[in-house]
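What follows is a set of notes on a single structure, which appears directly below.
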Amino acid sequence: MSRYAMVIDTKKCVGCMDCVVACKTENNVPEGYNRDWIVQDVMGKFPDLHMEIRSERCNHCDEPPCVHCCPTGASHVHERGGVVLVEHNKCIGCKACLASCPYDARFIHPDGYADKCTFCIHRVEVGLLPACVSVCPTHCMYFGNLDDPASDVNKLLNSRSHHAVLPEAGTKPHIFYLT
Amino acid sequence: MTTHEITTTRMNPMIDPGMHIWGWEIPVYLFLGGLVAGFMVISGYFLFSGRFQESRHVTCFRAPLTGLILISLGMFALFLDLEHKLYAWRLYTTIKIASPMSWGAWILVLVYPAMAIMALIHLPDQKHLPIRVEFLHKLSQSLRSHEGLAKTIGAINMLGGAILGMYTGVLLSSLGARPLWSSSSLWLLFLVSGMSATAAFIHMVAPTKAERELLAKADNGFLSLELFVLALYLIGLATTSDVHADAVRLLISGTYAPVFWIFVIGVGIVIPLGIQILAVNHKVKHTSIPPLMVIAGGLILRFVIVMAGQHSHWSNAHGL
């Protein structure tokens, strides 16, 4: 059994958007749409401000509301790694999954179906890393199996402080940010 | 002052800067669904209580037929909203228990035969039908002669209508990522609002004063209940968490407040309720204006809830 997750080191991420470009190229994401994106989160009280740069995408949640609400089963959890995927020819474009996602990670592809990050499952299945991870110039992104104690993602999560985005939404997200 | 500023490079259509995935089609669909649910419950009640022998009542005949037309219009609006229209048939290849939209699709299919049979019961009383289909009339007479069967059809329609009305609210409240919809009273609000709009509709078209009077009284009850449920809905959200309180502020004092207070509460509930209380006490005449206001208010309620709900968000994590 595997459970894929992504760990992103916010101390190393410079927001260069290589991950965004790699995703668009690898997955032929249409112009004007993004499966992943960069967020700059500034918080604090001037002059004691703290900035965190995050590369964000679908969180491939353990409790994916997008899968639960899908009326046709187009949104589903892939048997490999618990990756949340959309079967295009089952999707009716009702947009319930877009409304159900607290991360707003989905969009409607110009061809009419709901689209999102797939963790580049087509690459992972042949032993490659997701495109965004493979191109990161600062090596701030890690991808691996949470169920494998020896994986990089597990080691990092065990040794560094980290957080997820909107854990309070209760979806058990699988993208973690090292702080 | 503590700052929390978020900048994102994402600008996906219909998602950023604020979600706008559903336009006019979904509020219209939800409104018509609620209206038809009300037709089923009220007409079903007339059958169940044995009033179907009082043949002049439009409630028993015209309402189910009108309901069939309205639910078809609602489903057409829903179809227009789909982005992958050629695959709409996929809805009927599976039943997803966790998806209210899936069981809603099946409920809509069951609504048709239930309402059609109810409409059949009063076929012989209609002198103005353009054609007279003999086997339908025989079927109708047979249904009327079996009082128990007619009452069962009424009960089935009441149950089906209640489920349909609840479903229109559950459809939204199951989408927990939008805090404004994340309320356990939304189904009741939409059900009562649908019942109110139906009572107003029948009140408006009823040919007899007795029936108008009866439906006006019923509508007064539904409107009072709707005010109460709306208050529960607002208070419930305001006291749940900061996220939900932020969401409900959209209605109470935010962008949608003018429309909400003036058109939903004022024009849609309070003013027609006041006029209809005077009407049932014979202080003023029954007119079509209060029912029209109620129907318009019900439609605007769906628009406000759907539009404001899309703007509500779990946190400021994505640039709200």
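The values are calculated or read from the model by the stated rules, or taken from the named source; none is laboratory data. Since we're looking at a predicted model, the values are computed, not measured. Cβ placement follows ideal geometry from the backbone for every residue including glycine, while neighbour counts extend to all protein chains displayed. With ligands, DNA and RNA removed, areas are computed over all heavy atoms of the protein, side chains included. Shrake-Rupley method; radii C 1.70, N 1.55, O 1.52, S 1.80 Å.
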Check your understanding: Any idea what the relative contact order of region A:99-179 is, in percent, if you count C-alpha pairs under 8 Å spaced at least 6 apart?
Key -> 16 percent
Check your understanding: Using 1/(1 + (r/R0)^6) with R0 = 45 angstrom and r between the beta carbons of residue A:160 and residue B:257, what's the FRET efficiency to the nearest 0.05?
Key -> 0.50
Check your understanding: What does the helix-only formula give at 222 nm for the protein assembly as shown: each DSSP H stretch with n ≥ 4 adding -39500 (n - 2.57), the total divided by the residues, and the result rounded to the nearest 500 deg cm²/dmol?
Key -> -15500 deg cm²/dmol
Check your understanding: Under a 1.4 Å probe, what is the accessible area of region A:4-178 per residue, stated in Å²?
Key -> 39 Å²
Point to revise | Given chain B, longest segment not containing exposed loop trypsin sites (Lys or Arg not before Pro) (DSSP; at most 13 other Cβ within 10 Å) | key: B:133-282
Revision key, fill the gap. Taking Rh as the Kirkwood radius computed over alpha-carbon pairs of region B:148-283 and applying Stokes-Einstein at 20 °C with viscosity 1.002 mPa s, one gets a diffusion coefficient in µm² s⁻¹ of 131 µm²/s
**Study point:** Residue-averaged beta-carbon neighbours from other chains (10 angstrom radius) around B:213-225
**Key:** 0
Exercise for review: Looking at the protein assembly as shown, send over the antiparallel percent of its DSSP beta bridges, to the nearest 5.
Suggested key: 90 percent
Exercise for review: Could you work out the local net charge near residue A:101, counting Lys and Arg as +1, Asp and Glu as -1, over the other residues with Cβ closer than 11 Å to its Cβ?
Suggested key: +3
Practice item. Among the lysines, select those whose C-alpha is under 19 Å from the C-alpha of residue B:217, and discard any that sit fewer than 8 residues away in the same chain. Key: B:209, B:283, B:285
**Study point:** Between region B:219-286 and region A:44-78, the Cα center-to-center distance that results, in Å
**Key:** 35 Å
Point to revise | Globularity index of region B:207-316, i.e. its alpha-carbon radius of gyration over 2.2 N^0.38 Å | key: 1.24
Check your understanding: Given region B:25-318 reduced to its alpha-carbon atoms as identical point scatterers, what log10 I(q)/I(0) does the Debye formula return at q = 0.09, 0.11, 0.12, 0.16 Å⁻¹?
Key -> -0.46, -0.67, -0.79, -1.26
Exercise for review: Calculate how steeply helix B:242-252 sits against the longest principal axis of the alpha-carbon atoms of chain B, using the helix alpha-carbon long axis, and give the answer as 0 to 90 degrees to the nearest 10.
Suggested key: 60 degrees
Practice item. Kindly flag which residue pairs out of A:90/A:116; A:11/A:45; A:90/B:96 have an alpha-carbon separation exceeding 23 Å in this structure. Key: none
Review point. Tell me, which residues of region B:67-92 get at least 50 Å² less accessible area when the other protein chains come in, versus the chain alone (1.4 Å probe)?
Key: B:83, B:84, B:90
Exercise for review: With everything on Cα atoms, drop me the angle between helix B:186-205 and the longest principal axis of chain B, reported from 0 to 90° to the nearest 10.
Suggested key: 40 degrees
Check your understanding: Counting alpha carbon pairs within less than 8 Å and at least 6 residues apart, what relative contact order, in whole percent, applies to region B:25-318?
Key -> 23 percent
Review point. Pulled fully out, how much extra length does the chain show between residue B:1 and residue B:282, if you take 0.36 nm times their separation in residues and subtract their Cα-Cα distance?
Key: 95.2 nm
Check your understanding: To the nearest 0.05, how large is the calculated FRET efficiency for residue A:139 and residue B:245 if R₀ is 41 Å and r is the Cβ-Cβ distance?
Key -> 0.45
Practice item. For chain B, give the magnitude of the charge dipole about the Cα centre (Cβ charges: +1 Lys/Arg, -1 Asp/Glu; no others), in debye to the nearest 20. Key: 860 debye
Review point. From Cα coordinates alone, what are the radius of gyration and Dmax values for the protein assembly as shown in angstrom?
Key: 26.6, 86
Check your understanding: To the nearest Å, what is the center-to-center distance of region A:85-152 and region B:2-19, using C-alpha atoms only?
Key -> 20 Å
Review point. Chain A: longest stretch without exposed GluC sites (Glu not before Pro) (DSSP loop, at most 13 other Cβ within 10 Å), sites themselves excluded?
Key: A:126-179
**Study point:** Other protein chain Cβ atoms within 10 Å, averaged over every residue that makes up B:188-201
**Key:** 0
Study note, to complete from the structure: Between residue B:89 and residue B:227, the FRET efficiency computed from the C-beta separation at R0 = 51 Å comes out, to the nearest 0.05, as 0.75
**Study point:** Length-normalised contact order of region A:4-178 in % [C-alpha pairs under 8 Å, at least 6 apart]
**Key:** 31 percent
Check your understanding: Mind checking the mean number of beta-carbon atoms from other chains within 10 Å of the Cβ atoms in B:170-177?
Key -> 6
